[in-house]
1. Using only Cα atoms, locate the centre of region 206-266 and the centre of region 312-359, then give the distance between them in Å, rounded to an integer.
2. Rounded to the nearest 0.05, what FRET efficiency do Arg242 and Ile60 give with R0 = 41 Å and r taken as the Cβ-Cβ distance? Could you check?
3. Could you give the length gained on full extension between Cys253 and Glu357, defined as 0.36 nm per residue of separation minus the Cα-Cα distance, in nm?
4. How far apart, in nanometres, would the label points at Ala136 and Arg311 be if each is projected 7 angstrom from Cα along the Cα-to-Cβ direction?
5. What is the magnitude of the charge dipole of region 11-212 about its Cα centre, with +1 placed on the Cβ of each Lys and Arg, -1 on the Cβ of each Asp and Glu, and no other charges, expressed in debye to the nearest 20?
6. Within straight cross-link reach of Lys48, meaning Cα distance under 20 Å, which lysines are found once same-chain residues fewer than 8 apart are removed?
7. Is there a quick way to get the dipole size of the chain? I mean about its Cα centre, with the Cβ of Lys and Arg at +1 and of Asp and Glu at -1; what is the value in debye to the nearest 20?
8. Explain nothing, just the number: dipole magnitude of region 231-355 about its Cα centre with +1 on each Lys and Arg Cβ and -1 on each Asp and Glu Cβ, in debye rounded to the nearest 20.
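Bear in mind that the values in this text are calculations on the coordinates, not laboratory data. In this text, all values refer to a predicted model and were calculated from it rather than measured experimentally. A quick note on method: Cβ atoms are made from the backbone with ideal geometry, for glycine too, and the neighbour counts reach across all protein chains shown.
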Amino acid sequence: MTRPIRARIDLSALRHNHAVARRHAGDASIWSVVKANSYGHGLMRVAKTLADITDGFALIELEGAIQLREAGIRQPILMLEGFYEAEELPAFAEYALTTVIHSRAQAEAFCSAPLPSKLPVYLKLNTGMNRLGLDADEVPAVLEMLERSRLAASVTFMTHFADADGPRGVDWQLAALARFPPAVQRSLANSAGLLRHQGTRADWVRPGIMLYGGSPFPEQTAEQLGLLPVMTLQSELIAVRRIAVGDHVGYGCTFTAQRPTTVGIVACGYADGYPRHAPNGTPVLVAGQRCGIVGRVSMDKICVDLTDLPRKVGVGETVTLWGEGLPADEVAAAAGTVSYELFCALSARVPVIEVREFG
Ligand SMILES: *Cc1c(COP(=O)(O)O)cnc(C)c1O
């Protein structure tokens, strides 16, 4: 028997979530964000599933973009951080990639590159996030430089929201945008902007987490947003034991039984992508019944408290770590993180099973 852990990726849920994005996007076009191996869901798997319904793909990794082109993806591909060294630019031209330019230095490198053809450019503007992006006073010179170089096939303004999912919202950043020259085309919204702030749709939206069925909002569930889980991480109980009052479980003895306790051992650990810092009580489903983890998450195992389960369970019982029946957002919150991190951390040793309900 093989180790029972697997990640089920529901491709119809992915298409459903894209349709939700489409409904919110109105007339705006959609960059499906597929960086970080499509948030752990598999770059090519996601791209092929969305290829006939999305308008473009956005990512960070040049190797990934080349893979998309070599697999026959024809839509625009947006490189969210642009290029890191000018030597990459010939590949950008060869594979027809849209580059972000986020700094003056990057603009200078672009304009002096020996490019065989023009490239579409996304000019990233800093409106308050203060990571990447040009400040308002830098933009006129960069625009002039791009014009003189004749290397930009088009220029789209782009910015990124710092708190579209939180109390500060987006208005302060939209106000900051007004300090920049007017743009022909603009791209502003991530999932949170798209779902909550209609005024951010502009010409192209950039949903990521919502496509994968995660909620960008701490106080609103994915279900309430009409989203379906795409990744379901499941394993099995590989042992069950009874321990006595005062007995401990796992490394560091961080759980001590206050009553006779039935403990289930699950074949899933931090080497599979389960967060090591998940505390006692982090929810888990065993045969569809909710219980909580006990003791420290180790490399290959977690332990769960089966004592109160209404239906008794044994070795071989299915355990859902997150996904169908147990939102990743809820597990993430218990572990002090976000579903983005859980998804991205899914490790290469976990076999993936694709589920499809469409033809
Ligand atoms: C990752 C990313 C997104 C997608 O954000 P979500 O919160 O996952 O929707 C959008 N825009 C940029 C620039 C990004 O880096």
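1. If you average the Cα positions of each part, the centres end up 9 Å apart.
2. 0.25
3. 33.0 nm
4. So the two model labels end up 6.2 nm from each other.
5. That gives region 11-212 a dipole magnitude of about 680 debye.
6. Cross-link targets: Lys35.
7. 780 debye
8. With Lys and Arg at +1 and Asp and Glu at -1, about 460 debye.
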